[in-house]
1. How much solvent-accessible surface does residue 91 expose, in Å² to the nearest 10, with a 1.4 Å probe and all protein chains in place?
2. For region 38-80, what D do you get in µm² per second when you plug the Kirkwood radius from alpha-carbon pairs into Stokes-Einstein at 37 °C and 0.692 mPa s?
3. Tell me, what is the percent relative contact order of region 59-123, built from C-alpha pairs under 8 Å that lie six or more residues apart?
4. Put +1 on the Cβ of every Lys and Arg and -1 on every Asp and Glu Cβ in region 55-171; which of 61, 77, 89 then has its Cα farthest towards the positive end of the dipole?
5. Using only Cα positions of region 98-166, each an equal point scatterer, no hydration layer, compute I(q)/I(0) via Debye at q = 0.19, 0.21, 0.24, 0.25 Å⁻¹ and quote the log10 values to two decimals.
6. Ignoring ligands, DNA and RNA, what percent of the 1.4 Å accessible area of region 105-171 is carbon and sulfur?
7. Rank these residues by their accessible area, most exposed first, probe 1.4 Å: 117, 152.
8. Provide 39, 130, 164 ordered by accessible surface of protein heavy atoms (probe 1.4 Å), highest first.
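The values are calculated or read from the model by the stated rules, or taken from the named source; none is laboratory data. Given the structure is predicted, the values throughout are model-derived calculations rather than measurements. Positions of Cβ are generated from backbone atoms using ideal geometry, with glycine treated the same way; all protein chains shown enter the neighbour counts. Only protein heavy atoms, including side chains, enter the accessible area calculation; ligands, DNA and RNA are left aside. Shrake-Rupley method; radii C 1.70, N 1.55, O 1.52, S 1.80 Å.
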Amino acid sequence: MAASGQPRKLQEQVAHGGPVRCVHIGRKSGGVMVTGGDDKKVNLWSVGRPNAILSLAGHTSSVESVSFDCSERTVVAGSAGGTLKMWDLEHGRVARTLTGHRSSAITVEWHPYGEFFASGSADTYLKVWDMRQRACIQTYRGHAGAVRNLLFSPDGRWVVSGCDGGEVRLW
């Protein structure tokens, strides 16, 4: 915020060729951000720079959710089709594609220690994925609607999720 207490815009650019569906800022450096949009792309940005560092194509439907891992070397992106892609930012390519949701992967979040991430979907499921096993290791069922938000506790012991049914669940 500016000294006068009034917020000021630091940066603005056209990020996608259509609606921007999601954005995430890297927690390690605070200097990079990733966006996803209806154009089916994942774009990587350096905060303060007007042009994307990388524009990653490979999704077959709009990108609904994005999240950096703790090292800011990998981004997981969830699509409207339910597919999750792990993007290797150093090489600018898909490291792996994960399937398991039956509909839109609305939210993704990395575990604080980086070997796991969780995804929430319009199929009402929250899934936890292990990157060492390259698979879903846990599916949480019970939400009455699409899982819209999720977050791990700072110590990684818990995950909380919120859904269209008005519920918040601590797992």
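1. 120
2. In µm²/s, the coefficient rounds to 296.
3. Values: 162 pairs, mean separation 19.0, N = 65.
Taking the mean separation of contacting Cα pairs over the length of region 59-123, I get 29 percent.
4. In region 55-171, that residue is 61.
5. -0.66, -0.81, -1.03, -1.10
6. Roughly 49 percent, rounded to a whole number.
7. Descending order: 152, 117.
8. Listed by decreasing accessible area, they come as 164, 39, 130.
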